[in-house]
Structure formats: C-alpha cells, structure tokens
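Below you'll find the structure, written out as structure tokens, and then a few comments.
The values are calculated or read from the model by the stated rules, or taken from the named source; none is laboratory data. Everything numeric here is computed off the predicted structure, so don't read it as measured data. When we count neighbours, we look across all protein chains shown, and the Cβ atoms used for this are built from the backbone with ideal geometry, even at glycine.
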Amino acid sequence: MGARCTSCGAALELPCACKACGALQPLATERDPWTELGFEPGFDLDEALLKKRLLSASRLVHPDFHGADAASRALAEALSARLNRAHAILADEARRADALVVLLGGPDESTSREMPREFLLEVLEWNEVLEEARQAHSWSATVESLRDELAVRRHGVLADVRALLAPTPARGDGRLQPARAKLNAARYLDRALGELEALRLSATRS
Amino acid sequence: MGYIELNVLNQPVAPQQQGALGIDLGTTHSLAAIWKDGRPQVLRVEGESALVPSVVHFPRKGAPVVGQAAREQAIAAPKDTLFSIKRFMGRGLGDVQQELATLPYAASETERGLIQLEVHGRKYTPEQLSALVLRKVHETASRALGETAPTRVVVTVPAYFDDTQRQATRDAARLAGLEVLRIVNEPTAASLAYGLDQRDKGVVVVYDLGGGTFDVTVLSIEEGVFRVLSTAGDTHLGGDDFDAALVTLARTEIAAAHGAEVLADAGCQQALRLACERCKIELSSAPRGEIHLVIPERRLAWRREVSREEFEALVAPLVERSMAACRQAMSDAKLAPERIDEVVLVGGSSRIPAVRARVAAFFGRKPHSELNPDEVVALGAAVQAHILVGCKRDILLLDVTPLSLGVETMGGAVSKIIQRNSTVPCSATEGFTTYADDQTGIDFHIVQGERELAADCRSLGRFKLRGIPPMPAGMAKVGVRFHIDADGVLTVTAKEEGSGASASIDVQPMHGLTDAEVEGMLASSFEHAKDDFEARRAADLATEIGTMVHAVEKNLNAARAGLDKESLLDLEEALARAKAAARERDARALQKARDEFERASLPLAALLMNNVAQKALMGRSLDEV
C-alpha cells in the first residue's frame with residue numbers, strides 16, 4: 001500500500017493506526033471498506049481474517065485506550081467509527097457487493113431502483129402473502145414456507161451477484177448494471193425476511 | 001550508594017489519585033468495587049453489607065439520609081422516602097404513569113419535559129437524587145479503603161438504556177462530584193467479571209434481571225476482546241414487578257376480608273410492598289413463603305401462605321416477557337441456542353428458581369451463577385475502570401447501541417440512520433436540504449426505537465440547525481453527522497457543504513439537562529458541598545491526629561530516654577492537647593492542633609531517625625553503604 005506512519009515512519013498494515021508505535025493516524029478522507037481493513041477490493045473475503053483484523057485494529061484505535069486528552073479521544077472515536085462501519089459493510093455479503101458496485105463506478109441504490117423483470121412478478125405474489133400475514137398477525141404454515149422460499153431465493157440471488165462480480169470486473173464494466181438490479185432484488189428479500197422474522201418473534205410472544 | 005528507607009512516625013497516606021472506582025448504580029441497591037491486589041474487589045466496610053440501598057429520605061429538618069437508614073423510613077414516612085429512582089432517569093411524566101400509580105410520592109414535569117419528584121414542597125430531579133446515592137456509595141467506599149476513594153469512576157447502566165437515560169446517569173455522577181471515565185452496560189460489565197474468572201473464548205449470553213430493568217446480551221469473547229453481538233431488554237421489567245404481583249394478590253384478599261380502606265395510606269402500602277418482597281425472597285430457598293403484614297394502628301395482623309407453585313403461576317407472564325427478549329437477541333445475533341457456550345445469570349431476581357429453570361430450558365444448559373449476582377456488575381465495572389486508567393491493555397470491550405436511531409420524515413415515519421446492535425463508536429451522515437428560498441434553519445426530530453412511526457419511538461428531542469447561508473430552496477447541502485460514542489451517547493454535528501464555505505452549523509438539542517441546568521444544580525449543591533467538604537476535612541484531620549498520637553505514644557520510652565528535658569515536656573503537653581483536640585469538629589481548630597503537634601514531635605522524629613539509622617548501619621562498613 002505504501003502508506004507510512006506519520007509518527008514513526010514504519011509501514012502501515014492498516015491505515016487507521018500504526019502497529020509498531022501505536023500512534024493514531026490523522027483523519028483523512030474516508031476510505032473504502034477494503035482499504036480500511038487492509039484487503040483488496042473484491043466480492044470474496046476471508047471472514048475469519050476479517051474478524052481477526054477487526055479485533056487487532058480495535059485494540060489500537062478504541063477510545064478506551066486513548067482517554068488521556070480530549071483530542072486523542074475524539075480522534076480515536078472517529079477512527080473507531082470508520083473501522084466499525086467498514087467492518088459492518090464487509091461482514092455482510094449483500095452490503096459488501098453493494099459497496100463494490102459503487103466503488104467500481106456502477107450505479108448506486110438511489111440512482112437505479114430497477115429489479116429483474118421476472119422477479120417483479122414474484123414480488124407481487126409474495127406481497128399478497130405478506131399482507132395477509134400482517135393482517136392476521138400470526139405465524140402459519142403458509143407464512144413459514146414463504147420464509148423458507150425467500151431465504152432460498154436470497155441465497156440464489158447472491159450467487160448470481162457473485163458470478164457477476166468475481167473475479168473483480170474493471171471500472172465501468174457492463175456487468176455492474178445487472179449486478180445492481182440483482183442487489184435491489186436482494187434488498188427486497190432482506191426487507192421481507194426481516195419483517196417475517198419480526199412477525200415470528202411477536203407471534204411467539206402471544 | 002543505596003538509600004536506607006526509614007519509616008519513623010506513621011505518616012498519613014496520600015489519597016489514592018491513581019485508581020478509579022467501578023460503581024453499579026442499581027434500581028434497588030448500589031455498590032462500588034475497585035481493582036486491588038491483582039483482582040476486582042467489592043468495597044465493604046467490616047460488619048456492614050456492601051450493598052447501599054438506592055433510597056433517599058428527606059427528614060423534616062436537616063440533610064437527606066441515604067441508604068439503609070433511609071430504607072428504614074419507608075414505612076414511617078412514605079411520602080418523604082424515595083426509591084426506585086433509576087426508573088425515572090431520563091424519563092418524561094408520560095413514560096412512567098404506571099410506576100407513579102403505585103408510588104406514594106408526588107411527581108411533576110419541568111417545561112422541558114423532565115420528571116421531578118416532590119418532597120416537603122421541594123422538587124428534585126432523578127439526577128439530583130441519584131447523585132445523593134452516588135455520594136453515599138463513594139463515602140462508603142472511602143470508609144472501606146481507609147482513605148478518600150478515587151473520584152474517577154466507571155458507572156454502569158442497563159444495556160437497553162436509551163440516550164436520554166445515559167445522559168441523565170452522566171449528569172448524576174457529575175452532580176456527585178465524580179469524573180465519569182465511561183458508562184458501561186451492565187451485562188457487558190458482568191461478562192468482564194465472569195470472563196476473567198471462567199472462560200477466555202466462546203459465545204456467552206448474559207441474562208440480567210435486576211430490580212427494575214431486564215437486559216439480555218449475547219457476546220463473543222475472543223483474544224481478550226469482549227464483543228457484543230446483540231442486546232435486547234425491557235426497561236420496565238425487574239424484581240419490583242415480581243413484588244408487585246404479590247402485592248396485587250394481597251390487596252385483593254385484604255380488601256375482601258377487611259375492606260379497601262385498611263390499606264389506604266401510603267405507609268401501609270409500603271409495609272405491604274416490603275412484606276411481599278420478603279415473601280418473594282423466602283420462596284427462592286423454600287417451597288413455601290408467607291406474606292406477613294402487621295399494622296397495629298388498624299389492628300391488622302394478616303398472614304397469607306404462598307406456595308412456590310402459586311408464585312410461579314403469578315409471575316409466569318413476567319418471566320415470559322424476559323424470554324421474548326432472549327429470542328430477539330438470539331435472532332439479531334443470528335444464533336440458535338445450541339451455539340451458546342455459556343449462560344450467566346446476573347441480578348438479585350435471577351435467584352428465583354422459576355427464572356433459573358426457564359433460562360436453563362431455553363438455552364439447553366445450566367446457567368452459571370458462581371459469582372454473586374448482586375456484585376458481579378460492580379466487579380466488572382472495576383475491571384473496566386482499571387483498564388481505563390491505563391493499567392490493563394489486554395482486555396477490550398466492544399459494545400453496541402441497543403436501539404436503532406432515526407429521523408422523522410415529513411409523513412411521520414422514521415428514516416433509520418443507524419441500525420440497532422451496531423458496534424459503537426459508530427457514525428452515520430445524512431443529507432438535508434431547505435424547502436424555501438433563503439431558509440437559514442432546519443428542524444428535525446431524532447428518535448430511537450424499532451417502530452415504523454416516529455410517534456411510537458423514544459424521542460431524543462428536536463434539533464435545530466441554524467446558520468445556513470441564504471440560498472435558493474433545495475440548494476443547501478447540509479450534512480448532519482450522527483455519532484454514537486463508546487458510552488452509547490449521541491452527538492450531532494452539522495456542516496453546510498454546498499456553498500463551499502463548510503460552515504459549522506449550530507445544533508441545539510431540546511431535551512435533557514442543558515449544561516446551564518447542570519451548572520445550576522451544581523451551584524446549589526455546592527451549598528451542601530461546602531459543608532460536606534469541611535466536614536470531611538475535619539474527619540481526615542481527626543484521623544491524622546489520631547495516627548500521630550498513636551505513633552508518639554508507641555515511642556514514649558525512647559523519648560523519655562533520649563530527649564532533652566525541655567523538648568520532652570513540650571512533647572508531652574502537645575500530646576495531651578492533641579488527644580483533646582481530636583474530639584473537635586471544626587476543621588480550622590483541628591488543622592491548628594495538628595500543626596502544633598507536628599512541630600512538637602520533630603525532636604522525637606530526629607531522635608528516632610538517628611536510632612534507626614544507627615541500627616541499620618551496624619554491621620556495615622562505610623564502603624558497603
């Protein structure tokens with residue numbers, strides 16, 4: 001990467017702090033999540049390594065270890081917030097893919113809301129079942145099988161995204177548009193699954 | 001050449017400035033702990049309980065009474081004895097209607113929507129009352145340590161406390177004259193105490209059922225990092241509610257047998273509450289308990305046996321509420337119960353057998369309670385305090401924000417900015433723009449919670465942005481950064497980016513105590529503080545004089561043998577005066593007495609130093625020294 005510690009000049013493994021001398025690095029423009037955690041941008045990621053890096057980076061930048069003065073603490077807070085955000089994005093496949101599409105110059109969620117055609121037809125059917133479930137406020141066999149179906153579909157959609165984004169395409173590549181469409185579908189599925197889970201939990205309560 | 005250490009007269013030890021306390025500020029009890037001799041230890045005065053009841057009593061005249069002495073006034077003076085204060089921290093009147101219905105004291109609201117409790121016509125905020133409890137805890141800690149306890153503290157809060165509740169806790173500590181290093185979530189603190197003791201890797205669930213609040217936290221412990229995966233809870237569920245279930249049963253039966261008026265007054269209600277609490281505690285170790293209520297003035301002596309089965313049926317809905325939160329936390333962590341390695345029970349009410357059984361059944365394993373469930377939170381806070389004063393770098397807490405943070409949109413819905421269970425510190429930026437030409441301000445409403453409508457969430461208040469440079473509608477690009485810090489507290493900053501000027505926008509929160517209000521309270525508490533300070537100084541000086549007297553008396557024979565006549569007489573007179581002065585209360589008089597005594601002891605000190613030096617040097621040649 002080439003970045004060096006502003007305090008001791010050692011090569012930086014991670015941009016937020018120096019492992020050699022412990023110095024917090026100054027706050028620069030926000031980096032993409034891969035750079036923040038020392039990875040090459042891409043869809044595939046070693047999750048065990050990601051966790052290890054989060055833990056060791058946290059030990060360097062967490063405000064609990066920089067409470068000596070207000071300025072250090074404030075810097076530590078800002079660096080930790082960035083680190084945690086980067087980790088949250090990389091730890092979730094869909095968010096990771098979304099960040100990758102944007103990083104490669106592809107459309108982001110607000111500019112392109114389209115979903116694959118055939119998917120839209122299924123969405124209409126699913127919405128009907130969801131609406132019934134909302135009204136009944138209960139967990140039935142129908143709703144459970146909808147949940148299972150959506151979970152399987154999500155898995156499939158993300159496999160499709162992976163096929164489009166791995167190996168990592170070039171900037172502006174034509175595959176970024178369909179990848180965005182698939183990610184919009186994944187987002188719908190995540191929302192629906194989230195709602196179903198909330199319904200399941202509240203139904204168990206009563 | 002080395003220096004031989006001489007300890008001649010016992011010198012008073014300087015107050016411990018280096019350390020920090022861990023304080024569990026509980027709904028029913030509070031206590032302090034400190035890291036000492038390589039481990040966290042609860043600070044206990046010999047012969048007393050370590051637990052300080054979180055109760056404040058205001059007598060008709062004189063200073064407020066805090067702790068056990070206050071608790072004892074609950075029946076005789078129910079309107080003047082305030083308890084469960086934690087339930088009111090950071091709350092508005094509307095939030096606590098249910099609680100207030102069962103409590104004997106009057107409450108009102110300030111214009112900013114803060115709750116105040118009224119005693120003897122004076123109003124007190126929960127922050128002021130909690131500050132009194134914290135002072136008492138600090139004072140107890142000092143007595144346990146034998147010197148002034150550190151004023152730097154880590155204070156714990158329920159994991160499910162929202163932003164206003166956390167700020168109220170910070171304000172209370174500030175009012176008590178304490179420097180808050182960190183606010184730590186109770187289950188996370190408990191896991192710290194437990195982690196040191198038992199396990200260094202795994203997924204742990206902490207089930208924390210306290211006096212007034214319930215939290216369940218799922219954590220991953222790995223390489224010394226305690227990382228919270230999810231947390232859920234209920235800030236209106238605790239041991240108090242288990243008591244209330246028995247109270248309801250008793251009231252119905254007493255009213256039927258003796259008429260409702262017999263329990264009309266506040267004193268009787270308190271007596272009943274305490275009798276039910278005793279019965280609940282009995283049932284934790286015996287299959288039958290008894291509610292025994294005696295009110296001589298009403299010629300009432302009522303006994304009601306309660307079996308464990310009956311109690312369990314009564315409280316089953318409460319236990320189920322806690323299990324609902326467990327399911328939520330597990331769902332958010334995306335883990336099935338089988339993936340959990342250990343379950344830890346925290347909080348006095350976790351001793352209830354029905355609770356233990358239900359938790360064991362849900363997680364499919366026996367929960368741990370080797371550490372005293374009343375003390376484990378304070379112990380964990382002490383560990384964190386030790387870390388923060390720089391003494392321990394191999395342990396780190398990574399906690400989460402328990403509630404989603406959002407902004408109210410035009411239609412009254414919530415636009416979520418930060419998801420619940422996001423690791424803190426965390427930040428998110430949201431863009432706002434103006435809807436009218438030359439609009440220089442924007443108002444927005446921030447809420448915490450999971451509901452779709454802002455009205456159903458917890459309001460953190462309205463924020464005003466001011467100082468936007470005038471420009472056509474829709475052109476201003478105001479970036480608002482929401483930052484939740486390691487304590488779980490929100491800060492909002494804003495910048496107008498479109499104009500290129502990057503002007504920093506002024507953000508006014510319209511809730512909680514403003515800095516001015518806290519200063520005001522501090523100023524009025526300074527009235528008492530000055531008296532307190534004088535009283536403590538007097539106490540410290542009296543102790544110091546006592547120590548010096550003891551040291552001199554121990555060495556009187558040496559003095560008589562070695563001092564010249566004049567110095568000896570001087571010393572003996574000073575000794576007699578010092579012993580008399582030690583009974584004084586005035587700090588100035590005590591200071592004078594102490595200084596005089598010290599001056600008179602100097603010849604003896606010199607004499608003893610020579611003696612000791614001679615003994616130490618005996619047997620050594622000059623070359624060796």
Residue identified as under 16 Å from the mean Cα position of the chain (by Cα), part of a helix (DSSP H, G or I) and either surrounded by fewer than 19 Cβ atoms within 10 Å (Cβ to Cβ) or not aliphatic (A, V, I, L, M) (or both) among A:162, A:147, A:200, A:153: A:162
Every residue from the stretch A:63-85 that is within 13 Å of residue A:23 (Cα to Cα) and facing another protein chain (nearest Cβ under 7 Å): A:63, A:65
Yes/no for residue A:24 being within 14 Å of chain B (Cβ to nearest Cβ) and under 30 Å from residue B:383 (Cβ atoms): yes
Filter result for the condition that a residue is touching a residue at least 12 places away in the same chain (Cβ under 8 Å), farther than 21 Å from residue A:156 by Cα and within 12 Å of another protein chain (Cβ to nearest Cβ), over A:104, A:60: A:60
Filter result (among the charged types (D, E, K, R) and within 14 Å of chain A (Cβ to nearest Cβ)) within the stretch B:459-494: B:481, B:485, B:487
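Quick grid of which residues meet (1) surrounded by 19 or more Cβ atoms within 10 Å (Cβ to Cβ); (2) closer than 24 Å to residue A:101 by Cβ; (3) in contact with a helix residue (DSSP H, G or I) (Cβ under 6 Å, 6 or more places away or on another chain):
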| position | (1), (2), (3) |
| --- | --- |
| A:19 | no, no, no |
| A:33 | yes, yes, yes |
| A:40 | no, yes, no |
| A:46 | no, yes, no |
| A:71 | no, no, no |
Matching residues in the stretch B:162-173 - criterion: being in contact with a strand residue (DSSP E or B) (Cβ under 8 Å, 6 or more places away or on another chain) and either at pLDDT below 95 or within 20 Å of residue B:214 (Cα to Cα) (or both): B:162, B:163, B:164, B:165, B:166, B:169
Residues located in the stretch B:64-86, provided they are basic (Lys, Arg) and farther than 17 Å from residue B:212 by Cβ: B:79
Selected residue (criterion: farthest from the other protein chains (Cβ to nearest Cβ)) from residues of the stretch B:323-344 that are of a type outside the set (A, V, I, L, M, F, W, C) and under 27 Å from the mean Cα position of the chain (by Cα): B:342
Residues of the stretch B:209-243 that turn out to be over 26 Å from residue B:97 (Cα atoms) and either free of Cβ contacts under 8 Å to residues at least 24 places away in the same chain or not in a strand (DSSP E or B) (or both), as a count: 4
Flag if residue B:205 is over 23 Å from residue B:418 (Cβ atoms), more than 14 Å from chain A (Cβ to nearest Cβ) and outside any helix (DSSP H, G or I): yes
Selection within the stretch B:278-304 - among the aliphatic types (A, V, I, L, M) and surrounded by 14 or more Cβ atoms within 10 Å (Cβ to Cβ): B:281, B:283, B:291, B:293, B:295, B:300
Subset tally (residues that are of a type in the set (Asp, Glu) and either surrounded by fewer than 20 Cβ atoms within 10 Å (Cβ to Cβ) or assigned to a helix (DSSP H, G or I) (or both)) for the stretch B:341-384: 2
Candidates B:385, B:378, B:357, filtered to the one that is within 14 Å of another protein chain (Cβ to nearest Cβ) and not polar (S, T, N, Q): B:385
Within the stretch B:402-458, tally of residues that are within 14 Å of another protein chain (Cβ to nearest Cβ), in a loop (DSSP other than H, G, I, E, B) and hydrophobic (A, V, I, L, M, F, W, C): 1
Filtered residues of the stretch B:327-384 (kept if under 21 Å from residue B:315 (Cα atoms) and among the polar types (S, T, N, Q)): B:328, B:349, B:350
From the options B:119, B:137, B:153, residue that is in the same structural domain as residue B:96 (by TED's automatic domain parsing) and under 28 Å from residue B:352 (Cα atoms): B:137
Filter result for the condition that a residue is surrounded by fewer than 20 Cβ atoms within 10 Å (Cβ to Cβ) and either assigned to a helix (DSSP H, G or I) or hydrophobic (A, V, I, L, M, F, W, C) (or both), over A:171, A:180, A:187: A:187
Residue match in the stretch B:299-309 (condition: modelled with pLDDT of 95 or more, in contact with a Lys or Arg (Cβ under 8 Å, 6 or more places away or on another chain) and not charged (D, E, K, R)): yes
Those residues of the stretch B:49-68 which are over 19 Å from the mean Cα position of the chain (by Cα) and without any contact (Cβ under 8 Å) to a residue 24 or more places away in the chain, in sequence order: B:59, B:61, B:62
Test: residue B:217 is within 14 Å of chain A (Cβ to nearest Cβ) and polar (S, T, N, Q): no
Candidates B:155, B:137, B:180, B:184 - the one that is closer than 21 Å to residue B:209 by Cα and either more than 14 Å from chain A (Cβ to nearest Cβ) or surrounded by fewer than 23 Cβ atoms within 10 Å (Cβ to Cβ) (or both): B:155
Residue that is modelled with pLDDT under 90 and either charged (D, E, K, R) or in the same structural domain as residue A:41 (by TED's automatic domain parsing) (or both), where the choices are A:117, A:153: A:117
